[in-house]
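The values are calculated or read from the model by the stated rules, or taken from the named source; none is laboratory data. Since this is a predicted model, take the numbers as computed values, not measurements. Here the Cβ positions follow ideal geometry from the backbone for every residue, glycine too, while neighbour counts run over all protein chains shown.
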Amino acid sequence: MLEDQQWQPVPGTAGAEIYPFLRKPDVTCSNAYLIRTPGEILLIDTGADAGQMERILELVGDLLLEAPRPILLFLTHCHADHCFQAIRNPRFRALPDLSIAAEETGARSLEAGDAVRTVAELMGWEIEPLPVALPLLAARDRETLETDDGFVLHRQQIPLRSGDILTVYHTPGHTPDSICIRLGEYLFIGDLLFSASPGIAGLAGWDQPALLETAGRVRWIFAHEPVSLCCPGHGRDLLATAMPALLDRLERDVAELASIGPFDRSRLDDSLEHAVDLLQEANRVFAAVSGRLYALAYRLDDLGEDEEARRYQELLESDRIDGVLEDFSRFADEFNAGRRLEVQLVLKAVQAIQRIETHFAGDRLNHVVDAALLRRADRLLTDFMNTVFGYRDAGCLSTVDAPSMLRDLVAGVSTPPFSDEAFIEAADDPVAYRVELVSRLAYLPLLEDADLVVDADLVVDADLVVDAEGSFPPVLVDRERFCDEVVGVLEDMAAAGAREIRLALRREGAAAGLLIEGSALLSPRKLRFYRRKFGLSGATLAISGNGAGLFLLFKPASS
């Protein structure tokens, strides 16, 4: 394994030595690999960090003092996190006898200063054209091989002055110009293993079929070429023996991304807005879940149910979730202070989501926490990831009788999820008794300090909720999602101090919807959040005519 920022030999070469710059995975700067041989100085990627480039320039200067020789920079692909310093650092570009090599399609993007293909636009970085002296894998320079799976692999072998052969393989998918580079027993694989990651998949030039084929191409390299170590564009090096399993995972992940959308400026902006909402909503929702668990554990302990109390204290691992959210919050503060990029905040939110999902045991909480709250917590995570991947949420829209839906919603909010009869029947079964006991102890009325009033224009009885004329039209909506979001609005209004909340089905000409009025108004951020959420349920959120509430406009079932 490689030692960071130390000279060490490259096995399988005639005396080449490598000085790696290994970084924690970070979209703003790649690893860089400086290699010295008696005949040349090789550099594989520069990264985008100014401090890293200063150290590279210092080392290159020392090597040139020892013996002047050509400098060759090979770029694994044209993304700016791998080459920004090569583009923007005048001292680097002024090095004597410097040649830059990149696959020919990437070379064209670099020479054109293409801010989209280099993703400089997403980073908010200004770039300029970078001359590429050695376009790689042109038809006249490459040989064509066929892999065991029937895929075509283009390979170019470049003789070095030192007597070694540097081999370049075309491995498109992450970008059209992605390459792997082999020197001796070391294979430099660029961003291959990160190509299916959220915020990476879907970037300009990302190609799912090509990436699936490239996994087969790389398998061929391991089967036919002498490789002992893989050097990625981000993170630590990997033994070649670990790669088959990693390629298996890559293929599984890529296969699931057939419908991914492009990760462009528009999706970044959408994801960024959603990430800010995510932070606040996740804090609120998971605080509510955690609070109920802690209250339940306290009550069980007070009743002498020590073992059961400990089980619920540990169930959610909420301390870990709190830690993840606090870390995300600190990161957001750094972003707001201008010390982080937009794309970094989005990817930090992705990281937070993935960690929360690891610890969120929703399937074990159904009798403890309100089901609507659990569903909202789950959707909070899923909706954000769908935004990042650019999936179009088709929803589960169906024709619904709105008065009946409102009846069930009101009953669900007003009725405890347990009964005296079930409690009595469970008395002789210790397991069932504990479940019933836990349900009672964990129950918190949704609107404990607020009255829920159904509009007088509606007739409410045990069987039906209808408008006075009995002619409210059928609507097209995702019933479960819509009702869960209404419950969220009721909770927020109550938390904001509303003492009375009114629900009413309304028709205004051809428009039909649900009016929610409370004495406490929601913040602009909350309105933006619910506008997105209700949109996914098939409804359109608007402010009511008098500005005192929300009007949720339904799609007519005939549309």
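So here's what we get for this one:
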{"read-out": "Residue count for the stretch 493-518, restricted to those that are closer than 22 Å to A557 by Cα and basic (K, R)", "value": "2"}
{"read-out": "Within the stretch 146-196, considering residues that are touching a Pro at 6+ places or on another chain (Cβ under 9 Å) and of a type in the set (S, T, Y), the one surrounded by the most Cβ atoms within 10 Å (Cβ to Cβ)", "value": "S178"}
{"read-out": "Filter result for V289 (in a helix (DSSP H, G or I), within 19 Å of R379 (Cα to Cα) and of a type in the set (V, I, T))", "value": "yes"}
{"read-out": "The stretch 295-323 - residue that is surrounded by 15 or more Cβ atoms within 10 Å (Cβ to Cβ) and among the hydrophobic types (A, V, I, L, M, F, W, C) and, of those, modelled with the lowest pLDDT", "value": "L316"}
{"read-out": "Within the stretch 153-175, tally of residues that are out of contact with any strand residue (DSSP E or B) (no Cβ under 8 Å at 6 or more places or on another chain) and closer than 23 Å to G235 by Cα", "value": "3"}
{"read-out": "Residue among G150, G173 that is among the small types (G, A, S), modelled with pLDDT under 95 and part of a loop (DSSP other than H, G, I, E, B)", "value": "G150"}
{"read-out": "Breaking point among (1) at pLDDT 95 or above; (2) assigned to a loop (DSSP other than H, G, I, E, B); (3) buried (at least 22 other Cβ atoms within 10 Å of the Cβ), for I35", "value": "(2)"}
{"read-out": "Of all residues making up the stretch 530-550, the number that are surrounded by fewer than 21 Cβ atoms within 10 Å (Cβ to Cβ), at pLDDT below 90 and assigned to a strand (DSSP E or B)", "value": "2"}
{"read-out": "Complete set of residues in the stretch 103-118 that are touching a helix residue (DSSP H, G or I) at 6+ places or on another chain (Cβ under 6 Å) and not basic (K, R)", "value": "A115, T118"}
